[in-house]
Ligand SMILES: [Zn+2]
Ligand SMILES: [Zn+2]
């Protein structure tokens with residue numbers, strides 16, 4: 001089979017011919033139909049995302065496909081079924097795993113980072129990571145449910161618990177932030193502000209349900225002006241830069257909560273402690289998503305409640321993976337998601 005290989009920081013991606021994989025007892029081979037290119041992939045390749053397992057590895061953690069082969073111990077699945085993939089598996093070594101609570105694993109392994117991912121014709125995953133993909137959902141959209149939609153879904157719905165009427169500000173309208181705007185909207189947010197330096201991203205946010213959009217310069221003042229001077233109840237940092245986090249916190253009303261989703265190696269600075277305390281600010285980190293979030297999202301998309309028809313910016317063959325990575329890195333064409341289709 002063909003597979004895109006990441007062999008080391010600063011080295012070009014290679015497309016290699018590898019042996020077709022076979023499943024272990026509790027594993028499934030999935031014929032990949034689509035797999036997203038994500039900022040996390042860029043972070044792995046430039047070394048800013050620390051990895052436990054050194055390369056080479058096949059990237060790709062936002063995938064969908066068709067069940068191609070079942071391990072000897074797998075029940076409840078048949079070849080030919082359409083699936084999306086939860087992108088993690090338990091370590092089987094941490095205290096939680098050893099006590100049988102693998103769903104609470106303290107050190108889960110990530111598909112496409114710690115084990116071979118889906119920028120390939122086939123991928124091997126634990127049967128427990130499969131999620132049924134309804135016929136109404138295309139493989140391209142099914143692929144990006146993992147991470148690109150599920151990570152903001154977790155942040156908005158489970159971590160921030162955005163409720164009906166809440167005022168929300170989303171900082172960083174890339175792949176994840178775009179979907180955060182949509183999910184805040186269907187969660188019943190009463191006001192949504194979007195902040196991004198790119199005019200095209202701001203335009204997209206307005207088209208998907210944001211009530212206002214601002215460039216970073218003057219964003220806090222604009223959000224305060226639009227909320228009668230109060231600020232928002234919930235803000236999201238989808239960038240992971242301190243300059244953005246500061247703005248996300250400064251845009252909060254009293255008792256507001258800021259959700260940190262974007263990641264970088266930068267140290268977090270929160271400004272004067274007196275302001276943080278007096279305004280009773282809450283700062284919460286949010287990372288990844290749960291497998292059942294994919295099932296919830298599949299329902300929301302299949303029933304038309306969540307429209308992801310504008311989320312696939314381009315589809316590329318495996319051989320063009322490096323070009324897709326470059327397009328995301330330079331934001332060429334301001335992509336929401338570029339998807340590889342083997
Ligand atoms: Zn991702
Ligand atoms: Zn574990």
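The values are calculated or read from the model by the stated rules, or taken from the named source; none is laboratory data. Since this is a predicted model, take the numbers as computed values, not measurements. A quick note on method: Cβ atoms are made from the backbone with ideal geometry, for glycine too, and the neighbour counts reach across all protein chains shown.
Against the condition more than 23 Å from residue 282 (Cα to Cα), in contact with a strand residue (DSSP E or B) (Cβ under 8 Å, 6 or more places away or on another chain), surrounded by 20 or more Cβ atoms within 10 Å (Cβ to Cβ) and not assigned by TED's automatic domain parsing to the domain that holds residue 38, how does residue 175 come out, does it pass? Spelling it out, residue 175 is indeed more than 23 Å from residue 282 (Cα to Cα), in contact with a strand residue (DSSP E or B) (Cβ under 8 Å, 6 or more places away or on another chain), surrounded by 20 or more Cβ atoms within 10 Å (Cβ to Cβ) and not assigned by TED's automatic domain parsing to the domain that holds residue 38. Only one entry in 149, 125 is over 27 Å from residue 182 (Cα atoms) and either assigned by TED's automatic domain parsing to the domain that holds residue 35 or not in a loop (DSSP other than H, G, I, E, B) (or both), namely 125. Can you say whether residue 39 is closer than 14 Å to residue 117 by Cβ, in the same structural domain as residue 119 (by TED's automatic domain parsing) and in contact (Cβ under 8 Å) with a residue 60 or more places away in the chain, as far as the supplied structure shows? No; evaluated as a whole, the condition is false for this residue. Annotation: of all residues in the stretch 179-205 being out of contact with any strand residue (DSSP E or B) (no Cβ under 9 Å at 6 or more places or on another chain) and in contact (Cβ under 8 Å) with a residue 60 or more places away in the chain, the one that is farthest from residue 38 (Cα to Cα) is 186.
Take the conditions within 16 Å of ligand 1 (Cβ to nearest atom), surrounded by fewer than 16 Cβ atoms within 10 Å (Cβ to Cβ) and either touching a residue at least 60 places away in the same chain (Cβ under 8 Å) or closer than 19 Å to residue 313 by Cβ (or both) and apply them to residue 264. Does it pass? For residue 264, the condition - within 16 Å of ligand 1 (Cβ to nearest atom), surrounded by fewer than 16 Cβ atoms within 10 Å (Cβ to Cβ) and either touching a residue at least 60 places away in the same chain (Cβ under 8 Å) or closer than 19 Å to residue 313 by Cβ (or both) - is met. Within the stretch 269-289, the residues that satisfy the criterion of being assigned to a loop (DSSP other than H, G, I, E, B) and loosely packed, with under 13 Cβ neighbours inside 10 Å are 269, 271, 272, 280, 287.
Per the listing 190, 112, the residue uniquely within 16 Å of ligand 1 (Cβ to nearest atom) and at pLDDT 95 or above is 112. A single entry from 221, 248, 226 fulfils the requirement of being more than 26 Å from the chain's Cα centre (by Cα) and surrounded by 18 or more Cβ atoms within 10 Å (Cβ to Cβ): 226.
The strands (runs of 3 or more DSSP E) falling completely within the stretch 1-112 that include 1 or more residues that are over 27 Å from residue 135 (Cα atoms) and in contact with a helix residue (DSSP H, G or I) (Cβ under 9 Å, 6 or more places away or on another chain) map to 2-5, 14-17. Return a yes/no flag: does the stretch 292-305 have any residue that is free of Cβ contacts under 8 Å to residues at least 60 places away in the same chain and loosely packed, with under 11 Cβ neighbours inside 10 Å. Looking for residues that are free of Cβ contacts under 8 Å to residues at least 60 places away in the same chain and loosely packed, with under 11 Cβ neighbours inside 10 Å, one finds at least one in the stretch 292-305, hence yes.
With respect to residue 67, is the statement that it is surrounded by 19 or more Cβ atoms within 10 Å (Cβ to Cβ) and more than 16 Å from ligand 1 (Cβ to nearest atom) true? Considered against the rule, which asks whether it is surrounded by 19 or more Cβ atoms within 10 Å (Cβ to Cβ) and more than 16 Å from ligand 1 (Cβ to nearest atom), residue 67 comes out as yes.
Here is a yes/no grid of residues against (1) within 16 Å of ligand 2 (Cβ to nearest atom); (2) in contact (Cβ under 8 Å) with a residue 24 or more places away in the chain:
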site: 28; (1), (2): no, yes
site: 32; (1), (2): no, yes
site: 46; (1), (2): no, yes
site: 88; (1), (2): yes, yes
site: 91; (1), (2): yes, no
site: 94; (1), (2): yes, no
site: 97; (1), (2): yes, no
site: 106; (1), (2): yes, no
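Does residue 142 fit the bill of being in the same structural domain as residue 328 (by TED's automatic domain parsing), at pLDDT 95 or above and in a loop (DSSP other than H, G, I, E, B)? In short, no. When the stretch 76-86 is filtered for residues that are in contact (Cβ under 8 Å) with a residue 40 or more places away in the chain and either loosely packed, with under 13 Cβ neighbours inside 10 Å or away from ligand 1 (no atom under 16 Å from the Cβ) (or both), the ones remaining, listed by number, are 76, 77, 81, 82, 83.
On the basis of being away from ligand 1 (no atom under 16 Å from the Cβ) and buried (at least 19 other Cβ atoms within 10 Å of the Cβ), does residue 131 make the cut? No.
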